[in-house]
Structure formats: C-alpha cells, structure tokens
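Asker: Structure below; questions to follow.
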Amino acid sequence: MLYNRFSDYLINKYKCKVYKLPLNLPVTCPNRDGNISKKGCVFCGEEGAGFENLSNHLSVKEQLSINSKYIGEKYSSNKFIAYFQNYSNTYLPLNDFKNYIEEACRDNIAAIYISTRPDCIWSEYLEFLKEIKETKNVDILIELGLQTVNYHTLKMLNRGHLLAEFIDAVLLIKKYGIETCVHYILDIPMDSIDDTTEGARIISALKVEQVKCHSLYILKDTILGDMYEKGEFYPISINEYIERAITFLEYLDPSIVIQRLIGRAPKERSLFCNWGMSWWKIHDMLENKMNEENRYQGKKFNYLSQTRKMHL
Ligand code: SF4
C-alpha cells in the first residue's frame, strides 16, 4: 500500500461507495467579517472553499436532495457524507448550528463532515455533536484548515491564528470522541521541505484521523493573486511538489487516512493551478515515483514514543 486512501477507508467502513454532498450555509468567517480581519486568508476567493456548491438560499434538506439525486445517479450510490464545506461552519449561533446539523441527519447520510477554523471550536458545539453521533448513529468529523505549521508562514497567509490554536482545537475535539481532518498545503513557496516534514510529524503526534492535502492554487482577485502577478513569489516546480508530497507521506503515521493529495480549482478563476496539468497526470507521476523508489506512507514514522527505538 502506497498510502491510506480515503476511497479504501470508505469502502472498508461502510461496505459500499460513499460520496460527499457539499452543503453551502449562509455563514461567513471571522477572518473575513472583521472579527479577526476583513482581508481573509491571502488565498481565499469570494466563495471560500466551495466552487461547486448550490445556492445558500436553499435549505440543507433541499441541497441534500438535489445533490444526492445528481451524485447518486452519476456514481450509482445511495450512501453519502453531508459536507458542510464553505467558510467556517461553526461560526454561527449554537441554535442555528444545531438546526442545520439535525436537518442533515437523514437515512442515506452515513456521516457529517464540518469544515471550520481551529479558533472556531467550542465545547458546547462539540457536546451537541457528540450527542448527535450517539443518538442518530451518524459519524462526525471536523475538518480544520491549518495549511502549514510554520508560524511565520501562517502570519504571511493572514490566517488569523497560529499553531497553538490548531493544537488546542484538535485536543478539545478528541475529548468529545469526534474525529478530525486537517487541510494542508504541501508547497507554500515560503515553506521549506523541512516545514512539510514537521507538518506530518505534528499531525501524527496529535493523532489526527485524516489529512486533506493540495498544492497551492492561486485565484484571481485575491491578495495572493496580486503578489503572484507582481512577481513577489514563484510557485515551486511540479517535481519539487511531488517530492514534498512523498516526503510528507513518509513521515505521516500510516494509519492516517489521506482524503486527497492534489486539489483542483476552476480554470477560469485561477491564475495558477497544478502547473496546468490534469489531476490524474500528477497523481500518476506521484504514484510512479513512489513505486520506483520504494517509498510509502509511514516509511519514516519512527520518531514518536510508540515507534521510537532507544539505544541505551
Ligand atoms: S479561514 Fe477559510 S473562509 Fe476564512 S478567510 Fe481563510 S480560507 Fe477564507
């Protein structure tokens, strides 16, 4: 096994094909509405993270019905993950949050994934999610944006939080028996490969359950887009990206599920995305290199107390 694929994890867990249904709530983000900043993260576009979402004027129930019909027919599937994707989905009053989550608990929903920021995690919300998990027989996972563990880069990205908030959030989520997925950008040009390695080591030490990686894409009309057009930085090369992705996997606990290794952004909205190459081409290059060089997830996972060999 080269790495712990999300598709394999879903089949093993649910014994059938399961697909994510994106949900778009009328929420914002404290890093955009002025609570922390009005600028947002330098890479954040107008839609937040969701490019394929339905209108947030539709209810959760309506969005799930439309998307499950479309995706269910396309992929012959009848089990889904309700995915609260856009902006910070815990940044709303507790009662509204409860209503949206309860609305997503339907027969064909096996799990609810909630995307948010590390500084938008609170005990009352987690207590409610724990109760939902136990009473509605639905899996719950919180997706946290981190992007890098280098706090200089976190400041440059204008994330509005640093590494401590992320560590605190993961530990608090764990207390409630809820799983976590980390969003991570493997090739921020201001980071070195050592930062990528340290990211894998910290994520493993925290026993996060899933990771979602992608390369840095640069959207039009963003601060990052302006920096790129002014020549203030250059993306790293595709070969360097592949090397960073494989190194990241080598240091990562092999039990951590990899939701994805390469992202996508709409061509018409991007100034730069995946070196103009298809997702599949990069995927094949990555796997071919791993096979040729006998490299795999967890190959260098020997640095934590349970895996370290001490020579006295
Ligand atoms: S935390 Fe997410 S939604 Fe908020 S500014 Fe950053 S990328 Fe955008």
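The values are calculated or read from the model by the stated rules, or taken from the named source; none is laboratory data. Keep in mind the model is a prediction, meaning the values are calculated, not measured. Here Cβ is always computed from backbone atoms with ideal geometry, including for glycine, and neighbour counts include all displayed protein chains. These area figures cover heavy atoms from the full protein model, side chains too; ligands, DNA and RNA do not enter into them. Shrake-Rupley method; radii C 1.70, N 1.55, O 1.52, S 1.80 Å.
Asker: Give, in nm to one decimal, the length gained when the segment between ALA164 and ILE193 is fully stretched (0.36 nm per residue of separation minus the Cα-Cα distance).
Answerer: Here the segment from ALA164 to ILE193 would lengthen by 8.3 nm.
Asker: Ok, one more. Determine the equivalent ellipsoid of the stretch 139-214 by diagonalising the alpha-carbon gyration tensor, then write out the semi-axes as square roots of 5 times the eigenvalues, largest first, rounded to whole Å.
Answerer: After scaling each eigenvalue by five and taking roots: 21, 13, 11 Å.
Asker: Shifting gears a bit: Using a 4.7 Å Cβ cut-off, which Cys residues in the chain lack a partner cysteine?
Answerer: CYS16, CYS29, CYS105, CYS120, CYS181, CYS213, CYS273
Asker: Follow-up question, since we're still on this one. By DSSP, what percent of the beta bridges with both residues in the chain are antiparallel, rounded to the nearest 5?
Answerer: Roughly 10 percent of the DSSP beta bridges within the chain come out antiparallel.
Asker: So, one more: What value, in deg cm²/dmol to 500, does the helix sum -39500 (n - 2.57) over DSSP H runs of n ≥ 4 give at 222 nm once divided by the residues of the chain?
Answerer: Calculated from helices alone, the mean residue ellipticity at 222 nm is -11500 deg cm²/dmol.
Asker: Still on this structure, please answer the following. Please work out whether the stretch 6-292 counts as rounded, prolate or oblate from its C-alpha gyration tensor, where a ≥ b ≥ c are the square roots of the eigenvalues and a/c under 1.5 means rounded, while otherwise a/b larger than b/c means prolate and anything else oblate?
Answerer: Rounded, since a/c falls under 1.5.
Asker: Relative to the present Cα-Cα distance, how much length would full extension add between LYS61 and LYS220 at 0.36 nm per residue of separation?
Answerer: So the extension gain works out to 54.0 nm.
Asker: A further question on this structure: Name the trypsin sites (Lys or Arg not before Pro) in the stretch 32-101 that are in a loop by DSSP and that have at most 14 other C-beta atoms within 10 Å, would you? Please list the in-between numbers first.
Answerer: Numbers: sites: ARG32, LYS38, LYS39, LYS61, LYS69, LYS74, LYS79, LYS98; in loops: ARG32, LYS38, LYS39.
Those that pass, being in a loop and sparsely packed, are LYS38, LYS39.
Asker: Using the basic label-point model (7 angstrom from Cα toward the beta carbon), what is the LYS39 to ASN95 distance in nanometres?
Answerer: Computed distance between label sites LYS39 and ASN95 equals 3.7 nm.
Asker: Based on Cα coordinates alone, diagonalise the gyration tensor for the stretch 78-135, multiply each eigenvalue by 5, take square roots, and list the semi-axes in whole Å, largest first. Provide the component values of the computation, followed by the final result.
Answerer: On the way: eigenvalues 71, 36, 19 Å².
Semi-axes (√(5λ), whole Å): 19, 13, 10.
Asker: Less than 20 Å from a label point 7 Å out along the Cα-to-Cβ axis of THR135: which backbone N atoms in the stretch 171-192 qualify, by residue?
Answerer: Within reach of a label on THR135, which here means backbone N under 20 Å from a point 7 Å along Cα→Cβ, the stretch 171-192 contributes 176-179.
Asker: Could you please state how large a percent of the accessible area of the chain is carbon and sulfur, counting protein chains only and using a 1.4 Å probe?
Answerer: Carbon and sulfur: 49 percent of the exposed surface of the chain.
Asker: Run the simple label-point estimate for ASN302 and GLU103 please: 7 Å along Cα→C-beta, distance reported in nm.
Answerer: Distance between the two pseudo-spin positions: 5.2 nm.
Asker: In this model, which of LYS130/LYS300; LYS20/LYS133; LYS20/LYS267; LYS74/LYS98 are farther than 26 Å apart at the alpha-carbon?
Answerer: In this structure, LYS130/LYS300; LYS74/LYS98 lie more than 26 Å apart at Cα.
Asker: Taking the Cα-to-Cβ direction at LYS15 and at SER278 and moving 7 Å from each Cα, how far apart do the two end points lie in nm?
Answerer: 3.6
Asker: Now a separate question. Loop by DSSP (not H, G, I, E, B), at most 13 other beta-carbon atoms within 10 Å: where is the longest site-free stretch of the chain for GluC sites (Glu not before Pro)?
Answerer: Between the exposed loop sites, the longest stretch runs 53-231.
Asker: Quick check for you: with a 1.4 Å probe and neighbouring chains kept, what is the accessible area per residue of the stretch 173-312, in Å²?
Answerer: Each residue of the stretch 173-312 exposes 48 Å² on average to a 1.4 Å probe.
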